[in-house]
1. Let me check against my output: what whole-number percent is the relative contact order of the chain, with C-alpha pairs under 8 Å and at least 6 apart?
2. Rounded to the nearest 20 Debye, what is the dipole magnitude of the chain about its Cα centre when Lys and Arg each give +1 and Asp and Glu each give -1 at the C-beta?
3. Arrange ASP78, ASP20, ASP154, ASP272 by Cβ neighbour counts within 10 Å, fewest through most, would you?
4. Among 142-153, 285-296, how do they line up by average Cβ neighbours within 10 Å per residue, starting with the highest?
5. Mind pulling the angle between the C-alpha long axis of helix 258-267 and the longest principal axis of the chain? Nearest 10 degrees, somewhere in 0 to 90.
6. Based on the mean of other beta carbon atoms within 10 Å per residue, what is the order of 165-176, 180-191, most packed first?
7. Collect residues whose amide H, placed 1.01 Å from N in the peptide plane, falls under 5 Å from the amide H of ALA254; neighbours closer than 5 in sequence don't count.
8. Using only Cα atoms, tell me the angle between helix 168-183 and the longest principal axis of the chain; keep it within 0 to 90° and round to the nearest 10.
Amino acid sequence: MAVTIKKIAEKSGVSRGTVDRVLNNRGNVSPDTEAIVKKVAEELGYKPNIAGKALAARKKRYNIGIILCSEGNEFFDDVMKGIHRAEEESLDYGITVLMRTIKGYDARQQVQMMDELKPQIHFLILNAIDTPEVIHKIEEFYQDNIEVITLNTDIASGKRLCHVGCNYTKSGETAAGMMGLIMGGSAKIGIASGFFHVLGHKQRVAGFQDVCRKRYPGMEIVDRIETRDDPAYSYEQALLMLRSHEEITAVYVAASGTAGVCRAIEELGRSDITVIACDYTESMKALVNRGMVKATICQQPFTQGYKSLNLAVNYLVNGIAPYKDIYAMKSEIKIFENV
């Protein structure tokens, strides 16, 4: 059954006229009331008349740019599946998606790609790198009336419309909790982070460290390396870390690169090392099944991709802005028994 303006009005505690003004961007509504109405409309699954909106959209077609730091990182396979699903559902609205990808988190390359896409798009979904030049570029887009949603990785400040992704701090805290339970609260830990300058990766490590400090003082972090989300590079760095710190009994992999870390552990004959990782890909499933990874903390990549494009389409076509600043995915723990 279609969600009516009357139903939204009743649940919001406002008049139908107010709801109509909010949903059709006619103004003369307080910001607080507007936020309530938009939240209720989204919660109820409100969708405007598709035929009418589709006809209007065809008269003014919209291009949505997407930039992902996804090359060589299988985590993003499911993110892209979510994007493609939302894209298929948006065909009647005259939406065109312009996808661009890069390898690793290279801020200079990301800014260059943003500049290349800018003349062609009405909206940008960005797997953001938290550096001053990227933040400045997002603010330029905002000044030119091109809104930006950050996907999977956020920025600490700036003019983005909202963020869709993982609660990285909670993910790191959950990983530390699992490590504490498995290790009995005592371990010498090496941390394999993705990129030191990526906000989400820093938040994961901070959450992990915070739980260790507060709940498991017997878990000591002795070293930290970058994996750069690359199996070969993570293998080399893990070898160096483990050879330099033979006392390590556990490793937390806070981004991609788990396969390389596990390869180093196996090559050194250190089957005694406990690995806690993040995300759930085909290679991760194999590592869990082999017992190389004891637990991995997942972040719903399909939903991230789907939700980000859905929000962008709703903003462009229906004029409905996101009612949240952050759409955070729930952390899910995968172990041998439930993979």
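1. Working: 666 pairs, mean separation 61.5, N = 339.
That works out to 18 percent.
2. Working: 42 positive and 42 negative charges, 261 e Å.
Dipole magnitude for the chain comes out near 1260 debye.
3. Exposure proxy ranking, most exposed first: ASP272, ASP20, ASP78, ASP154.
4. Values: 142-153: 19.7, 285-296: 18.2.
In descending order of packing, they fall as 142-153, 285-296.
5. On a 0 to 90 degree scale, this one is about 10.
6. Numbers: 165-176: 23.7, 180-191: 18.2.
Highest mean packing first, the order is 165-176, 180-191.
7. ALA192, SER193, GLY194
8. 30 degrees
Bear in mind these aren't lab numbers, they're just calculated from the coordinates by the rules spelled out. Values in this document were obtained by computation on a predicted structure and should not be read as measured data. Positions of Cβ are generated from backbone atoms using ideal geometry, with glycine treated the same way; all protein chains shown enter the neighbour counts.
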